[in-house]
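The values are calculated or read from the model by the stated rules, or taken from the named source; none is laboratory data. All values derive from a computational prediction rather than experimental measurement. Cβ atoms come from the backbone with ideal geometry, glycine included; neighbour counts cover every protein chain shown. Surface areas here come from the heavy atoms of the whole protein model, side chains and all, with no ligands, DNA or RNA. Shrake-Rupley method; radii C 1.70, N 1.55, O 1.52, S 1.80 Å.
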Amino acid sequence: MSGHLGLELQPSAYQKRAKLLMIFRRASVVVVVFFLCGCVSDIVPATGERRYLGYTWQQETDLGKRTSKEVTSLFGLYGDANLARYVTEVGNRVLATSHLRRSGADEQVRATPVTFTVLDSLVINAMALPGGFIYVTRGMLAHLNNEDQLATVLAHEIGHVAARHAARQAWQQQIGQGLLLGGAVLSQGLGLPAQNVLNLGGMAAQLFLLRYSREDELEADKLAVEYAMAAGYDPRQVIGLFQTLDRMQEKEGQSMPSFLATHPNPGDRIQRIRELTSAARDSRTPNLDTRYLHSIEGLVLDEDPRQGFVQDNVFYHPDLGFRFPIPRGFKTINQPSQVVMAEGQNRAVLGFMGTAENSAETAAAKFLSQRGLRVIERGSTRINGFPAVGVLAEAQTQNGQIVTLTTYFIEYRGKVYQFIGYAPQQLFGSFRSAFLQTIRGFAEIQDARILGRQPVRLSLERVPRSARVRELIPRSLPAPFTPEEVAILNQVDLNQEISPGKILKTPSLR
Ligand SMILES: [Zn+2]
């Protein structure tokens, strides 16, 4: 795991995170408006027209490159190399037919690499950053049924890039200007990782959760149909995905950052896709169904408990073997590189992460070598028997605020982990004991059931006889899956008749 914690959000924490992102998104937009708009007039590859945009192509790709690193650390990569290769292969097939690769396209555009990445998130989403960074979540992959759907989803995202929608939105909304001009507007330069996370929520999320206009979405759908068909796919298949999204929306009125939150009503798009594809001939290759399904076999379907989970207000990491209590009233954000616990009103933050050092002393020394820290107290100690170094310090943030922080470096199984809790100086006193309770609660996991917990994975079952979906779904489903959810996963209705030979996706603990 190379020093990284694989941590993911608990389902219940999604909405909290979404809210958190919103708070910081608003905060950074306020900062952003102080910057001048760097409007440029540039060519849009998808139309060949010159338009007013927020960025030049070069700026777009630079911005995408910078933000892509944050996106990866925010969501984490899904660690299945075969699946990643497959998604890239399908993506490249569609890319080859797109405006980004056509002979008439600008040389600079044609030379820009486009990457396809599978994110380790169960939120159903696909996204593109400016300059050709395309993402699809494992949650999205689980809900797709065939390669045509995957190709069309990726083509839609390529469409956003080729039509330069992010740059156009940036020009219209002045979003992200601060990213280019100010760079680290909100970062405190102190290496307070938890604080960076919260800011990152503002910076990366702005671009990442960018809501395109309805016109932009329809244009991306139009381009998706065009690219997918040219690559030999049947874009009409994507209607099944839109129907699925519609059902999920009805089921839970999702407010989390997902395809639904950033895209128009699926119902409207179905009609549009039908119109766009009315001339399409039926030339589907049926083996695109099985090839797709076999590629996602074994996919983690829910939260992956191996990478950390919260139960009864305690955080557990079975793979790394430790646990610690969460301060009461704090929300938890589990990320691939850290766990962030934030007080309800974000007045106090406690972060937990791995370090690259091999002793608590050297990790503390490295931390203290940062400029701008005033050490109040420093000492060696033991936490549940593990060697540790604790530091109490003060630091001034860029906006002049003084924060007090307590940080502990703990040696555990050959690695050094860091807790860092901080709050504005005048509030620190009221949070200190909550911080210390969590830090002192760091301990080894003893419970074999927790150590052995496995993720729910996607398995494939070939339908043996003609029957209704309801009868084909295994009687005992692993929590939290319901028969309706399994039906949604398969883009079918519970009462629908399924013919023998068809493959059903089922959640399984095997
Ligand atoms: Zn879109």
The range 314-448, accessible area per residue, ligands and nucleic acids excluded (1.4 Å, Å²) | 43
Run the 1.4 Å probe and let me know the accessible area of SER369, rounded to the nearest 10 Å².
-> 90
Counting every C-alpha pair in the range 261-419, the percent lying more than 19 Å apart is 71
LYS502 versus ALA356: modelled label distance in nm, points set 7 Å from Cα along the beta carbon direction | 5.2
Sorting ASP246, ASP148 by accessible area (1.4 Å probe), largest first, what list results?
-> ASP246, ASP148
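Once the other residues with Cβ under 12 Å from the Cβ of ILE402 are scored (Lys, Arg +1; Asp, Glu -1), what is the net sum? If you can, show how the numbers build up before the last one.
Details: positive: ARG374; negative: GLU394.
Around ILE402, the charge tally is 0.
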Probe 1.4 Å, all protein chains present, accessible-area order of ILE124, ILE402, largest first = ILE402, ILE124
In a shell of Cβ-Cβ distance under 9 Å around ARG51, excluding ARG51 itself, what net charge do Lys and Arg (+1) and Asp and Glu (-1) give?
-> +1
Expressed in nm to one decimal, what extension gain is obtained for the pair GLN425 and GLN271 from 0.36 nm per residue of sequence separation less their Cα-Cα distance?
-> 49.8 nm
Accessible-area ranking of THR362, THR244, largest first, probe 1.4 Å | THR362, THR244
At a Förster distance of 45 Å, what's the computed FRET efficiency of ASN495 paired with LEU392, Cβ-Cβ distance as r, to 0.05?
-> 0.10
Long-range amide H contacts for LEU77: which residues qualify at under 5 Å (H placed 1.01 Å from N, peptide plane, sequence gap of 5 or more or a different chain)?
-> ASP120
What figure in square angstrom, to the nearest 10, would you give for the accessible area of GLU303 with a 1.4 Å probe?
-> 20
Lys, Arg +1 and Asp, Glu -1 on Cβ, resulting dipole of the range 344-443 about Cα centre, debye, nearest 20 = 80
Rounded FRET efficiency, nearest 0.05, which uses the C-beta distance separating GLN345 from VAL463 and R0 of 60 Å = 0.70
Computed Rg/Rh of the range 331-404, alpha carbon atoms with Kirkwood Rh | 0.98
Using a probe of 1.4 angstrom, how much of the accessible area of the range 80-167 is carbon and sulfur, in percent?
-> 52
Would you tell me the accessible area of LEU451, worked out with a 1.4 angstrom probe on the heavy atoms of the protein chains, in Å² to the nearest 10?
-> 60
Cut-off 19 Å (backbone N to label point 7 Å along Cα→Cβ of GLN243), residues of the range 291-321 | 293
For ARG432, the net charge from surrounding residues (Cβ-Cβ under 15 Å; K, R +1; D, E -1) works out to 0
Reduced to Cα centres, the span from the range 404-420 to the range 312-389 in Å works out to 5
